[in-house]
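Below is one structure, written out as structure tokens; the observations come after it.
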Amino acid sequence: MSSARSPYRGSVRGLVLAFDIGTTYSGVSYSILDPGQIPEIRAVTRFPGQAETTGYSKIPTIIYYDQYGKVPAVGAEATQESLESQIKNERWVKAEWFKLHVRPTVISKSTFLYELPPLPVKGKSVINILADFLRYLFRCTKDYVVRIHGVKFWSSVESSIKFVLTHPNGWGEEEHQQMRKAAVLAGLVPEIKDSRVHLVSEGEANLHLCIESGFTLKSGSGVLIVDAGGGTIDISAYGRTSLSKDSPFKEISLPECHLHGSAFVTSRARTFLEDRLLGSKFFEKVETMTQNFDKTSKLTFTTIEDPLFIHFSGHRDNDLKLDIRKGILAIPGANVATFFKPSILCIANAIQRQRANAQIPISSVFLVGGFSASEWLFTQLKASFDPASNLTISRPNSHRNKTVADGAVSYYLDRNVFGSRPVEDGSIIGVIFFMLGIFTLAIGIMQPKKE
């Protein structure tokens, strides 16, 4: 299939909105359907709390609640330093990683499931929190579209907007219903069965993003898309079995989903910092160190030969025994590598499994998602495979400024791109692999925080 599209053949204008609520970051993309015009995919690049000049299309998946259950701050505005005293004085509570509470029932009942932090607000279910976040994204999107395209345009399409929601591989009908319920509570549509709500797996959205960027694949060969995000690693294999260049892509192996995203690298770093600083005056700085590791230091790590530096305070803070000099903590590179190791092993093993089970040979792996920006992750994955294995691992440059939400819009526009799934139900098997990912967490990758 070609990434080129034909002009929109409808007789009235329309609007497609795609919401990608990630574990740690979220984004929105859209496309205006103008009769006779080729649809374009655009990202919402302005949210409250962001600097005017950033043009960044994602915001943190964070939502604060006050003591009355109301929402005072969300996304980028929830991370502003100016709010710190108000958060403390008014005892706001923060909800994050809440997406991981939406998971297949079989996982929720598993005795070996690693316990995620409980939802922070009494009386607020994960569906309520998802709805609150969706409502915020929708409001920001409306403000952005009205600002760019005018209130008259918004009024003309508001009642017929098509919504596309992304979800991890392995989510089944029960999780889909929860997403649809959240869409109703958020005010996107009036009822769960509303046909304007469409759901797409992150794997399929990423394939469409590749196609949108001009990706081509020869008949008889397959490609593996590894979406390394904040919470999950979603792995999907696709290929063409027909000689026609316009034949649809098909899944050639069952998709997988694992809880080994970049947030868990940060969590392991936090555990290391708590162990190292326990009993010292710097223990109270662990939260600041963890945040700085997550925002900057983590992605700069490239070698075990050099230490990784984390800035956390002023020049007066020194403790040579703890490798703290002038407010900077040094962590040996070998230790930092252990933070990444479980995620790297998980991905490498999944690649081997997918290649072994695929209906046709897989020779290319595309590493996408926010975690793919880690040079250490990329180089170590490449080093995990022998040069003679005939496997190319790459990070498409076209993805650097794109989001899963872009791919979700593309999915809606070109949804006939997909052929049939394998005979077995991919969502059921995806749940099994999802469970395997959680099992590895349960046996020691994550440790409870020190008091």
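The values are calculated or read from the model by the stated rules, or taken from the named source; none is laboratory data. Everything numeric here is computed off the predicted structure, so don't read it as measured data. Neighbour counts are summed over all protein chains in view; Cβ atoms, including those assigned to glycine, are modelled from backbone coordinates with ideal geometry.
Tabulated data for the structure shown
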read-out: All positions within the range 36-57 that are modelled with pLDDT of 80 or more, of a type in the set (A, V, I, L, M, F, W, C) and part of a loop (DSSP other than H, G, I, E, B); value: 38, 41, 44, 47
read-out: Residues within the range 20-29 that are of a type outside the set (Val, Ile, Thr) and surrounded by fewer than 24 Cβ atoms within 10 Å (Cβ to Cβ), tallied; value: 1
read-out: Tally of residues being aromatic (Phe, Trp, Tyr) and outside any helix (DSSP H, G or I) across the range 256-288; value: 1
read-out: Which numbered condition residue 309 fails, given (1) of a type in the set (A, V, I, L, M, F, W, C); (2) more than 24 Å from residue 395 (Cβ to Cβ); (3) under 20 Å from the mean Cα position of the chain (by Cα); value: (3)
read-out: Residues that are among the hydroxyl-bearing types (Ser, Thr, Tyr) and touching a Ser or Thr at 6+ places or on another chain (Cβ under 9 Å), drawn from the range 116-163; value: 144
read-out: The range 172-186 - residue that is surrounded by fewer than 23 Cβ atoms within 10 Å (Cβ to Cβ) and touching a helix residue (DSSP H, G or I) at 6+ places or on another chain (Cβ under 7 Å) and, of those, nearest to residue 28 (Cα to Cα); value: 186
read-out: Condition check for residue 290: modelled with pLDDT of 90 or more and under 26 Å from the mean Cα position of the chain (by Cα); value: yes
read-out: Criterion violated by residue 343 - all others in (1) closer than 14 Å to residue 224 by Cβ; (2) under 19 Å from the mean Cα position of the chain (by Cα); (3) buried (at least 19 other Cβ atoms within 10 Å of the Cβ) satisfied; value: (1)
read-out: Any hit, the range 199-215, residues being more than 21 Å from the chain's Cα centre (by Cα) and not in a helix (DSSP H, G or I); value: yes
read-out: Options 265, 197; residue that is modelled with pLDDT of 85 or more and more than 24 Å from residue 134 (Cβ to Cβ); value: 265
read-out: Test: residue in the range 89-98 that is among the acidic types (Asp, Glu) and either out of contact with any strand residue (DSSP E or B) (no Cβ under 7 Å at 6 or more places or on another chain) or modelled with pLDDT under 80 (or both); value: yes
